[in-house]
1. Under 15 Å between alpha carbons, and skipping anything fewer than 8 positions from LYS95 in its own chain: which aspartates and glutamates qualify?
2. Of the beta bridges DSSP finds with both residues in region 66-291, what % are antiparallel, to the nearest 5?
3. Test of understanding: what is the full-extension gain from SER197 to ASP360, defined as 0.36 nm times their sequence separation minus their Cα-Cα distance?
4. Would you mind pulling out the separation of the Cα centroids of region 186-255 and region 321-391, in Å?
5. If you stretched the chain out fully between THR80 and GLN227, how much longer would it get, using 0.36 nm times the residue separation minus the C-alpha to C-alpha distance?
6. Can you tell me the length gained on complete extension of the stretch GLN98 to GLU343, counting 0.36 nm per residue apart and subtracting the Cα distance?
7. Net charge within 13 Å of GLU225 by Cβ-Cβ distance, Lys/Arg positive one each and Asp/Glu negative one each, not counting GLU225 itself?
8. Based on Cβ point charges of +1 for Lys and Arg and -1 for Asp and Glu, what charge dipole magnitude is obtained for region 284-382 about its Cα centre, in debye rounded to the nearest 20?
Amino acid sequence: MKHLLFILLALLMSWYSAMAHPSALSGNEQPRASHTYRPFLISTDAQAPSDNAENKGPASQENQDSSRVVVLGYHDFSATKKATEMLIPTEKFRKQMQALQDLGLNVIGMEDFLAWRRGEKTLPDKSVLITIDDGWKSVYTDAYPILKEFGYPFTVFLYTNYVDGGGAALTSPMIREMMKNGCSIGSHSISHPYPVSIRKEQKKGDTSYAAYLRKEMGDSKQFLESQFQQKVTTYAYPGGFVTDEMPPIATDLGYECLFTVLPGKVTASSANQRLPRYVILGTHDYIFRNATSFKATSTSGASHGAIVQSTEHPVSPEPGALSETRMPTISANLSAVENLDPESIVMRIAGFGKVPANYDETRKTVTWKVKRRLRSRTCEVSVQWKLLEEKKYQKPMTWTFRIDREAAYQASPLTDK
Ligand SMILES: [Zn+2]
């Protein structure tokens, strides 16, 4: 069974990798392909947080070390562009950074992470390592000011061909400035090859393939080290794609830690050449929640992760908010929607399906009062509508709020029956 799961994961992984990244052949403005991470994430999420599955590495440090590190992986940011899987709205990123603080998680830099991996340093039980792949200019314009404000160290995984690539790429001066304020760098190859290209190289034979990997992994390391005067011992596999030939070559080249895109917490027993990482997609809020959730261990209690969401229109209860009743009134204010077809509005609530919500023409608000107590810890809502004279529905607006089950018992025993 475990083997089957592993094979399934591997298949999903390679599929995911194939979809994950465009390679920047031109170096200029990288095409923003329509990546589809969904199937990969749903399936891994289903066997959710791989706190168990991750203990596969050599148990070399198997002692009292119960530290768990969440590695977050980001790509691109924008305050104005629409969110995609690869692009997170800057405001949502800020809220996530705030949530790390609110949850009391300890954000560490790569230096501390590496020292912990070497057994030279201990970490608090629940720590977070922030990483950002590819080298988009928005790292400098959008993420960096927020990270600096919170005082969070972070690591940028750069691929050689995109550094100073023009367009939306980071420039060397930007990288140098960030490195003075908490940024460290790791390698993300020379050319950010698709798995398809890697497989092609693999077929040319062992010697040729080894030379190819040495170039992608080794030359990129050398480039970064000479360009930015920092020792580079970390690598993020482009698209998370890793073949068995990569780890030994990486070790030989002097890499200490290599990161995948398989979600899970890093523990003392994780293998350094295949470290798990949560890729935070701009359009999937539950990944951040899973990343910041911790299961109980023998030495530490469980803790719930943060729901960080934003909706295009005002809603109630707000995303991530705690409802103190188990029978809340749920509403969405659609007054900013032009040409809204009121007849078309559909509200769906997890566990209830489509509900008979009311639309108030004057307030331009759709409302439904929950009729029976919500029993789960969270409640997902989706509201969808059409525009007048359009046949297709707009993309649903979805959000999740939390239910305080304890408070609901005590606060309103009469209404909450
Ligand atoms: Zn990448």
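1. Within reach: ASP142, GLU149, ASP285, GLU318.
2. 5
3. Numbers: separation 163, 0.36 × 163 = 58.68 nm, distance 5.59 nm.
Here the answer is 53.1 nm.
4. Value for the Cα centre distance between the two parts: 49 Å.
5. Fully extending the segment from THR80 to GLN227 adds 49.7 nm.
6. The GLN98-GLU343 span can extend by a further 84.3 nm.
7. So the surrounding residues net to +1.
8. On the way: 13 positive and 10 negative charges, 152 e Å.
So the magnitude is around 740 debye.
None of the figures in this text is laboratory data; all of them are computed from the coordinates on show. None of these values were measured; they are calculated from a predicted model. Note that we place each Cβ from the backbone using ideal geometry, even for glycine, and neighbour counts take in every protein chain shown.
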